[in-house]
Amino acid sequence: MNLDRRTLFAGAIALGLTRPAVAGAATKATGAGAAASPALPFDKTGEVIDLWPGTPPGAPSPLPVERATERSANPAQPDRVIAGIARPRITAFRPKYPNGAALLVIPGGGYREESFDKGGVQVAQWLAEHGYTAFVLTYRLPGEGWQDRSNTPLADAQRAMRLIRARAKAYGIEPERVAVMGSSAGGHLCADLASRFDFPAYAPVDATDKLSARPFCAAPLYPVVSMDPAITHAGSREKLLGPNPTPEAEAAHSIDRIVTTRSPPHFIVHAEDDATVPVENSLRLRAALRAAGVTVDLHLFAEGGHGFNLWNIAGKPVAAWPSLWLDWASRMGLG
């Protein structure tokens, strides 16, 4: 399957908005509410589904206040990053011609913030144009006061996977064909979900939590994998584990050390000139998956740097990754 690159930066898909109410302090914490923030016009991007029926578990007091920062000077190519997330949610993008499969898309940002457009919306729009129903995850950040900080992002990712499956019929998808894709720190969360999908990251809240959180397959892009100070991304490590983590905490959140035989197939992409997240992270993940007998495709590129996603890849070796993923997903039976 060949990628038509003209589709990479297509405009937002016209979708209806659903905005379920969030009870109690969570709504108040966002002031006018994340849904009403002019910096995050959800009515122009996709349908919004809250992850939790009330205040998310382990909430601090006061709750974080959501804020968005626009990094792009081009209105046609927004690049918003968000932090202060008290209302974790998924934003859905429906394809015109659905193929019955879905992806949870997890933006990166060093567990300090989240690249909503670059790592989320653009990827979701591209996936939708290839028939996939895509859900961008806006997850709680571990350094913002939540209890059990290191497992808070995983709790949101698990809940998101279960909600997608619970709503499969409404979205025209097959419940078992729900995959995950994440970049950078979002790649860490992507791979974490792929190996700790049945870890009790939160207490069940309703019938949705009886569903599996195991992805059909996983695509961590230039991921943070290890908490080993020798190769990790220091900012992600500090935000996830806090200062001075124990060796046990480092091991528990180093994906290469928690892979199991039940981990799903992986597609990994990394540029060798990545100066932010060393390529050794992906090499360790591949080695661990291979040792566990898990199918893995690893694609290394000489040039591309960090954070490329679908931006500014034309003419670079990394421009091949989208078509490679589409072919791989088809071989795996996802597409």
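The values are calculated or read from the model by the stated rules, or taken from the named source; none is laboratory data. The model shown is predicted, which means the values in this text are computed figures rather than measured ones. Note that we place each Cβ from the backbone using ideal geometry, even for glycine, and neighbour counts take in every protein chain shown.
Table for the structure above
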quantity: Residue ranges of strands (runs of 3 or more DSSP E) in the range 74-158 with at least 3 members buried (at least 24 other Cβ atoms within 10 Å of the Cβ) and at pLDDT 95 or above; calculated: 89-93, 102-106, 133-138
quantity: Per-region count, the range 159-204, residues assigned to a helix (DSSP H, G or I) and of a type outside the set (Gly, Ala, Ser); calculated: 13
quantity: Qualifying positions in the range 255-266 - under 17 Å from the mean Cα position of the chain (by Cα) and surrounded by fewer than 24 Cβ atoms within 10 Å (Cβ to Cβ); calculated: Pro264, Pro265
quantity: Where Ala288 falls short, out of the listed (1) in contact with a helix residue (DSSP H, G or I) (Cβ under 8 Å, 6 or more places away or on another chain); (2) within 16 Å of Leu221 (Cα to Cα); (3) crowded, with 22+ Cβ neighbours inside 10 Å; (4) of a type in the set (Gly, Ala, Ser); calculated: (2)
quantity: Residue within the range 33-48 that is closer than 25 Å to Glu174 by Cβ and at pLDDT 95 or above present; calculated: yes
quantity: Of residues in the range 58-69 being over 24 Å from Leu163 (Cα atoms) and in contact with a helix residue (DSSP H, G or I) (Cβ under 9 Å, 6 or more places away or on another chain), the one surrounded by the most Cβ atoms within 10 Å (Cβ to Cβ); calculated: Ala68
quantity: Residue in the range 276-285 that is in a loop (DSSP other than H, G, I, E, B) and buried (at least 24 other Cβ atoms within 10 Å of the Cβ) present; calculated: yes
quantity: Residue among Ala185, Ala166, Ala170, Ala157 that alone is under 22 Å from Glu113 (Cβ atoms), free of Cβ contacts under 8 Å to residues at least 60 places away in the same chain and hydrophobic (A, V, I, L, M, F, W, C); calculated: Ala157
